[in-house]
Amino acid sequence: METKFDYQQLYDLLSQRNQERPEGSYTTYLFEKGLDKILKKVGEESTEVIVAAKNGDKNEMIYEIADLAYHVMVLMVQQGISLDEIKQELAGRHVIDHKVKQEKMV
């Protein structure tokens with residue numbers, strides 16, 4: 001039976017790793033190294049997504065986007081940004097009238 005994935009469960013696990021810092025955990029390593037290391041990983045993974053897209057390899061893109069999502073979530077936990085805050089931001093963008101949104105972007 002396949003386990004259902006849930007972003008909130010992953011976020012909660014990352015938060016737990018940040019609080020408990022279990023030895024041998026890659027996530028612990030990132031939190032202990034701090035913001036600069038986390039940002040470096042986000043940048044690296046962003047570049048790898050771009051390269052995968054340019055190569056047109058869907059499976060590679062899926063793999064790299066998952067890596068990027070994980071590292072962005074580590075950054076969110078480190079910075080105290082919740083999934084709900086991101087959801088609210090995205091939801092707010094979809095209720096703005098398209099014409100008003102264009103005017104704001106100019």
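Residue count for region 61-78 satisfying the condition of being farther than 17 Å from Ser15 by Cα and either at pLDDT below 95 or of a type outside the set (A, V, I, L, M) (or both): 3.
Looking across region 36-52, the residues that are under 22 Å from Tyr7 (Cβ atoms) and among the hydrophobic types (A, V, I, L, M, F, W, C) come down to Ile38, Leu39, Val42, Val49, Ala52. The residues on offer are Lys33, Lys41, Lys37, and the sole one that is within 14 Å of the chain's Cα centre (by Cα) and farther than 17 Å from Ser82 by Cα is Lys41. Of the residues Lys33, Lys58, Lys41, Lys54, the single one that is surrounded by 16 or more Cβ atoms within 10 Å (Cβ to Cβ) and either modelled with pLDDT of 95 or more or of a type in the set (S, T, N, Q) (or both) is Lys41. Answer yes if at least one residue in region 44-61 is touching a His at 6+ places or on another chain (Cβ under 7 Å) and not hydroxyl-bearing (Ser, Thr, Tyr), and no otherwise. Yes, because at least one residue in region 44-61 is touching a His at 6+ places or on another chain (Cβ under 7 Å) and not hydroxyl-bearing (Ser, Thr, Tyr). Evaluation of Arg21 against the conditions (1) without any contact (Cβ under 8 Å) to a residue 24 or more places away in the chain; (2) within 22 Å of Ile86 (Cα to Cα) shows that the sole unmet condition is (2).
Residues that are touching a Leu at 6+ places or on another chain (Cβ under 8 Å) and of a type in the set (D, E, K, R), at least 2 per element: which helices (runs of 4 or more DSSP H) completely within region 4-70 meet that?
The helices (runs of 4 or more DSSP H) meeting that bar are 35-55.
The values are calculated or read from the model by the stated rules, or taken from the named source; none is laboratory data. All values derive from a computational prediction rather than experimental measurement. All Cβ positions, even for glycine, are placed from backbone atoms using ideal geometry, and neighbour counts span all protein chains on display.
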